[in-house]
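The structure appears right after this line, and notes come after that.
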Amino acid sequence: MAQRSLKRILLVEDDPDIQEVTKVLLSHIEDFDVHACGSAAEGLEAARTFDPDLILLDVMMPGLDGQGAFAAFRGMKETATTPVIFMTARVRPGEILEYRQLGSLGVIPKPFDPDTLGATIQGMWDRHQNASANHARREDLLALRTLYAAELPERLRLIEGAAASLRQNGWDREIAESLYEIAHRLAGSAAIYGFPSVSAAALRVVTFSQEQGSGGQRTDPGPLLTVVEVLSDAIHESISEPQRGRPVS
């Protein structure tokens with residue numbers, strides 16, 4: 001997931017002096033495209049066409065305050081997921097917790113340091129982008145793991161079918177090699193998709209293959225069936241309790 005650059009900032013601030021200095025700092029010095037509004041109503045209207053990447057939102061405003069404006073922005077399709085940073089002099093711990101619980105990126109206390117305002121906003125933005133990318137990566141891995149888990153019953157069926165044939169009919173080189181091939185694939189991939197016990201059990205089958213070899217001669221299938229049974233049990237457990245597996249990040 002490519003990270004989105006911060007370019008357009010919607011500033012909603014009712015104090016003209018703070019509005020002016022904030023706009024100068026962010027647009028003239030930091031080179032952001034800043035659209036400033038003096039009320040929540042103006043900000044809500046401007047957001048429809050400005051399409052901000054980020055909203056800087058004052059808390060104490062006449063009419064609709066910051067919390068109310070936040071809810072209103074979330075109710076608009078144009079800004080339903082637009083990140084918001086609150087700017088306020090109300091920075092007691094309980095108040096900051098409330099702003100964060102609403103879903104904001106953070107809080108910039110007033111009076112803010114003009115020398116660090118741009119860096120503070122960019123830092124909050126970058127952390128948000130990294131968190132979003134990590135979440136998307138976890139979701140992608142979970143989807144891949146779900147697909148992989150869905151294939152395990154078929155692999156188990158093939159393993160148990162081959163094992164049953166060896167158990168009933170004795171050693172068969174081609175059937176044994178088919179077991180080795182399935183185990184080889186599981187040993188290399190299962191742990192990556194969140195099934196380490198399957199990988200470990202499959203590796204035992206692969207190791208047996210490397211140590212014993214098929215050689216084409218007839219061989220007692222018992223030792224092979226012993227390690228294959230461990231692999232079958234591991235797959236059974238993973239199928240019955242898939243929530244225990246976790247994809248490697």
Legend entry - Cβ-Cβ under 8 Å pairs, at least 6 apart or on other chains, the stretch 3-32 side surrounded by 15 or more Cβ atoms within 10 Å (Cβ to Cβ), far side part of a helix (DSSP H, G or I) and of a type in the set (Ser, Thr, Tyr): 11/22; 13/22
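I need a count of the residues in the stretch 38-58 that are crowded, with 20+ Cβ neighbours inside 10 Å and in contact with a helix residue (DSSP H, G or I) (Cβ under 8 Å, 6 or more places away or on another chain). Full working, then the answer.
So the first thing to find is which residues in the stretch 38-58 are crowded, with 20+ Cβ neighbours inside 10 Å, and the list is 40, 43-44, 47, 52, 54-58.
Checking the rest, the ones that are also in contact with a helix residue (DSSP H, G or I) (Cβ under 8 Å, 6 or more places away or on another chain) come to 40, 43-44, 47, 54-58.
Qualifying residue count, the stretch 38-58: 9.
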Inset, instruction - Can you run down the residue pairs with Cβ atoms below 6 Å, 6 or more apart or on separate chains, where the first is in the stretch 183-202 and assigned by TED's automatic domain parsing to the domain that holds residue 236 and crowded, with 16+ Cβ neighbours inside 10 Å and the partner is of a type in the set (S, T, N, Q) and in a helix (DSSP H, G or I)? - result: 187/199; 190/199; 191/199; 195/238; 198/238
Legend entry - residue 92, sole failed condition from (1) surrounded by 12 or more Cβ atoms within 10 Å (Cβ to Cβ); (2) among the charged types (D, E, K, R); (3) in the same structural domain as residue 22 (by TED's automatic domain parsing): (1)
Inset, instruction - Those residues that are among the hydroxyl-bearing types (Ser, Thr, Tyr) and under 25 Å from residue 83 (Cα atoms), I need them from the stretch 131-149; list them, please. - result: 132
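Just one of 72, 89 is among the aliphatic types (A, V, I, L, M), modelled with pLDDT of 95 or more, out of contact with any His (no Cβ under 7 Å at 6 or more places or on another chain) and more than 23 Å from residue 31 (Cα to Cα); which is it?
Result: 72 is the single residue among 72, 89 that is among the aliphatic types (A, V, I, L, M), modelled with pLDDT of 95 or more, out of contact with any His (no Cβ under 7 Å at 6 or more places or on another chain) and more than 23 Å from residue 31 (Cα to Cα).
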Legend entry - Residues satisfying the stated conditions in the stretch 207-221, i.e. touching a Leu at 6+ places or on another chain (Cβ under 9 Å) and at pLDDT 85 or above: 208, 209, 221
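Give the number of residues within the stretch 69-103 that are of a type in the set (Gly, Ala, Ser), within 23 Å of the chain's Cα centre (by Cα) and over 16 Å from residue 40 (Cα atoms).
Looking only at that region, the number is 1.
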Inset, instruction - State all residues of the stretch 143-182 that are touching a Pro at 6+ places or on another chain (Cβ under 9 Å), of a type in the set (A, V, I, L, M) and in contact (Cβ under 8 Å) with a residue 60 or more places away in the chain; if no residue qualifies, say none. - result: 144, 149, 152, 163
Inset, instruction - State all residues of the stretch 112-137 that are surrounded by 14 or more Cβ atoms within 10 Å (Cβ to Cβ) and of a type outside the set (S, T, N, Q); if no residue qualifies, say none. - result: 112, 117, 118, 121, 124, 125, 128, 133
Inset, instruction - Please name all residue pairs, on different chains or six or more residues apart, with Cβ atoms under 8 Å, provided the first residue is in the stretch 52-75 and is in the same structural domain as residue 18 (by TED's automatic domain parsing) and the second residue is of a type in the set (Lys, Arg) and part of a loop (DSSP other than H, G, I, E, B). - result: 53/4; 53/7; 59/90; 60/90
Inset, instruction - Go through the stretch 97-144 and count every residue that is of a type in the set (Ser, Thr, Tyr) and either over 24 Å from residue 25 (Cβ atoms) or not in a helix (DSSP H, G or I) (or both). - result: 3
Inset, instruction - Considering only the stretch 148-180, state which residues are acidic (Asp, Glu) and under 30 Å from the mean Cα position of the chain (by Cα). - result: 151, 154
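The values are calculated or read from the model by the stated rules, or taken from the named source; none is laboratory data. Here the structure is a predicted model, which is why all the values come from computation and not from measurement. Note that we place each Cβ from the backbone using ideal geometry, even for glycine, and neighbour counts take in every protein chain shown.
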